[in-house]
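Below is one structure, written out as structure tokens; the observations come after it.
The values are calculated or read from the model by the stated rules, or taken from the named source; none is laboratory data. From a predicted model like this one, the values you see are computed outputs, not experimental measurements. Virtual Cβ from ideal backbone geometry, glycine too; neighbours counted across all protein chains shown.
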Amino acid sequence: RFSAWYRAVGVPFERRCVSARLEWLDADGKGVRPPDYPLDNLQQGRWTRVEYVTTVPEAARQLDLRLGFGFVPRAKVWWDEIKLLEEPGAPRRLVRAATIFYKPSGSKSAAENVEKFCAVVEQAAVHKPDIICLPEGITVVGTGKKHHEVSESVPGPTCERLGALARKLNAYIVAGIYEREKDVVYNTAVLIGRRGELVGKYRKTHLPREEWEAGLMYGDEYPVFTTDFGKVGIMICWDLQFPEAARALAAQGAEIILLPIWGGNETLWRARAIENCVYVVSSSYDMKSGVVDPVGQVLAEATAQQPVVCVELDLEKQYHQRWLGDMKTRTWREWRPELFKPGMWHNRSVK
């Protein structure tokens, strides 16, 4: 376990400009894997802590540690309390994530649809999941109704029914519904807690023309929710088409992104996980329902023959890629959000 504290003055973007660099070397001084770049995880007053817990490569005999800063002409950085300690074992933070592949038909009401989904979700009980992802629009699919006809308050009847199921399974549940607030209807996903409470909601921020022409309103926030196993974010369907949504969630610390989705591009599903070094759990009608890891591998897929799957994820697992290293730390060191200036979105030369 490496940790150190620093204080920076005159540094505009500390994650990129202030760095701790750890490189494991063999007996001859040659690197045995790409360097690691610990990230900040705690701030106290003017001081910030960087920390990194990792397994020492088998061939390593030395550690090259470098602390410094760059990319700014006039700045100061102080380092203090630099520690390197042996841990009794690699840390683990396990979570069991489940998803379903199910598309009802012939229902006469939203409530009937919800009951059908609950019957499928109950099959997950044998897996003892910590969190379960349902698809987008579970109250409308297969009913022949319009969005506004099945819209409801949040919390409301669907949250209440899913809450009872969450209590029974002792699991978090994410599901897409249509939320009505006064005269406005949103495409919303709710996060229900283990005790059946409404933990939070996410309103779809990117609406396809079929939805905004039908009168739906878009959301304008990317909330990240703290659970008892880690931080999660939510995207809905068309959000997948735009990389900024997943990046906004990951930048706020989301470790798992839940994706209720009608259907979409499976390549983008994997890409969003790779770009942001997060797990993405999708639940779909016309795309794969499954779990993809931070390097884009599909860990599990639900099918018509096996409508419920559950996989154990380790949120402390590090994915050291042969040439790139641990991209979870490297990505945030090398990302340059300050280059995306508001005016560039109104460039009328784009055709």
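Things worth noting here:
- Where a residue in region 48-69 is within 10 Å of Phe2 (Cβ to Cβ) and its partner, wherever it lies, is of a type in the set (Phe, Trp, Tyr) and not in a strand (DSSP E or B), with Cβ under 9 Å and at least six apart: Val50/Tyr37; Tyr52/Tyr37
- Of residues in region 258-303 being aliphatic (A, V, I, L, M) and closer than 23 Å to Val140 by Cβ, the one modelled with the lowest pLDDT: Met287
- The strands (runs of 3 or more DSSP E) found wholly in region 42-106 and carrying at least 1 residues that are among the acidic types (Asp, Glu) occupy 47-52, 62-69, 76-84.
- Residue satisfying all of: in region 27-41; part of a strand (DSSP E or B) and not acidic (Asp, Glu); farthest from Asp80 (Cα to Cα) among these: Gly31
- Breaking point among (1) in contact (Cβ under 8 Å) with a residue 60 or more places away in the chain; (2) over 30 Å from Thr303 (Cβ atoms); (3) of a type in the set (D, E, K, R), for Glu14: (1)
- Among residues of region 17-35, those that are of a type in the set (D, E, K, R) and in contact (Cβ under 8 Å) with a residue 40 or more places away in the chain, counted: 3
- Beta carbons closer than 8 Å, at least 6 apart along the sequence or on distinct chains, pair a first residue in region 195-209 that is farther than 15 Å from Glu179 by Cα and modelled with pLDDT of 95 or more with a second that is outside any loop (DSSP other than H, G, I, E, B) and of a type in the set (Lys, Arg) for Arg195/Arg167; Gly196/Arg167.
- Selected residue (only one of Pro223, Pro208, Pro260 is touching a helix residue (DSSP H, G or I) at 6+ places or on another chain (Cβ under 8 Å), surrounded by fewer than 20 Cβ atoms within 10 Å (Cβ to Cβ) and not hydroxyl-bearing (Ser, Thr, Tyr)): Pro208
- Where Glu316 falls short, out of the listed (1) surrounded by 15 or more Cβ atoms within 10 Å (Cβ to Cβ); (2) assigned to a loop (DSSP other than H, G, I, E, B): (1)
- Check on Gly343, among the small types (Gly, Ala, Ser) and at pLDDT 85 or above: no
- Screening Gln44 on (1) under 28 Å from the mean Cα position of the chain (by Cα); (2) farther than 30 Å from Ala302 by Cα; (3) surrounded by 13 or more Cβ atoms within 10 Å (Cβ to Cβ) shows it passes everything except condition (3).
- For Tyr186, the requirement of being more than 20 Å from Val120 (Cβ to Cβ) and aromatic (Phe, Trp, Tyr) is met.
- Boolean, Glu301 is surrounded by fewer than 17 Cβ atoms within 10 Å (Cβ to Cβ), touching a Gly at 6+ places or on another chain (Cβ under 6 Å) and either outside the structural domain of Thr55 (by TED's automatic domain parsing) or part of a strand (DSSP E or B) (or both): yes
- Exclusive hit being crowded, with 23+ Cβ neighbours inside 10 Å and not in a strand (DSSP E or B), set Ala271, Ala250, Ala214: Ala250
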